[in-house]
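One structure is given below, encoded as structure tokens.
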Amino acid sequence: MTDILLTLISTALINNFLLYWPLGVDPLLQSTRDPAAERRQVHALGIATTGLMLLNGVLGYGVYHWLLEPLGLASLHLMVFLPLSVLLITPLLKVLARVLPQLPFDGLWPLLLGNAGVLGLSLLGLQNDNGFAGHAALSLGAGLGFWLVLSLFSDLRQRTLNNDVPLPFRGLPIDLISAGLIAVAFLGFSGLIKL
């Protein structure tokens with residue numbers, strides 16, 4: 001049980017998929033100028049990405065270990081993981097739109113489709129096989145870490161919009177500097193868990 005909890009915390013804070021492994025950075029740099037709309041969109045994207053990572057991780061683990069390996073087709077795992085992640089996006093967004101109608105899930109399909117973190121999660125989970133529960137914790141931690149960094153970055157972006165930023169640093173340059181500062185702040189978590 002402690003291994004599962006350590007995997008969850010480690011994936012969310014220390015080995016974050018946006019900061020440690022630069023996977024799925026493109027949604028980080030998407031912005032709108034309306035703070036309330038951006039906050040709702042960030043939470044919708046965070047929930048959808050967490051759900052997609054969890055579903056894709058659990059189903060990918062099951063397909064790999066219970067279907068591909070017994071049939072001797074383990075080398076085809078990439079050709080199974082990629083369509084699996086694509087096929088899960090639309091039903092997940094429809095379910096989330098019904099469950100949480102106040103969040104805008106309608107324009108998230110391209111951002112979820114282009115998120116390399118979902119496929120990277122499945123491939124990294126195969127390298128260090130910790131069992132089904134460990135892979136589920138890895139998937140959940142990756143999604144929660146993605147959501148955390150996305151929320152922090154959105155709040156930091158809103159603060160920079162209200163401040164007097166020099167003209168050469170406005171827009172993408174200050175966003176990249178802010179992302180670097182968040183990555184340095186998360187580097188402080190690296191001594192949190194000693195194995």
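The values are calculated or read from the model by the stated rules, or taken from the named source; none is laboratory data. The structure displayed is predicted, hence computed values, not measured ones. Please note: Cβ atoms are built from the backbone with ideal geometry, for glycine as well, and neighbour counts cover all protein chains shown.
Of note:
- Every pair of residues 6+ apart whose Cβ atoms lie under 9 Å, when the first sits in the stretch 122-135 and is over 14 Å from Thr11 (Cβ atoms) while the second is of a type in the set (A, V, I, L, M) and assigned to a loop (DSSP other than H, G, I, E, B): none
- Restricting Val58, Val25, Val42 to those that are over 26 Å from Ala133 (Cβ atoms) and at pLDDT 85 or above reduces the list to Val42.
- The stretch 79-108: number of residues that are within 19 Å of the chain's Cα centre (by Cα) and surrounded by fewer than 11 Cβ atoms within 10 Å (Cβ to Cβ): 3
- Residue match in the stretch 36-55 (condition: under 20 Å from the mean Cα position of the chain (by Cα) and farther than 30 Å from Thr160 by Cβ): yes
- Restricting the first member to the stretch 69-82 and to residues that are among the hydrophobic types (A, V, I, L, M, F, W, C), and the second to residues that are at pLDDT 90 or above and assigned to a loop (DSSP other than H, G, I, E, B), no beta-carbon pair is closer than 7 Å while six or more apart or on different chains.
- Scanning the stretch 115-172 for residues that are among the polar types (S, T, N, Q), over 23 Å from Arg39 (Cβ atoms) and loosely packed, with under 14 Cβ neighbours inside 10 Å yields a total of 2.
- Filtering the stretch 33-70 to residues that are polar (S, T, N, Q) and under 19 Å from Val149 (Cα atoms) leaves Gln41, Thr49, Thr50.
- Residue-level check: of (1) in a helix (DSSP H, G or I); (2) over 30 Å from Trp66 (Cα atoms); (3) in contact with a helix residue (DSSP H, G or I) (Cβ under 7 Å, 6 or more places away or on another chain); (4) not acidic (Asp, Glu), Val165 misses just (1).
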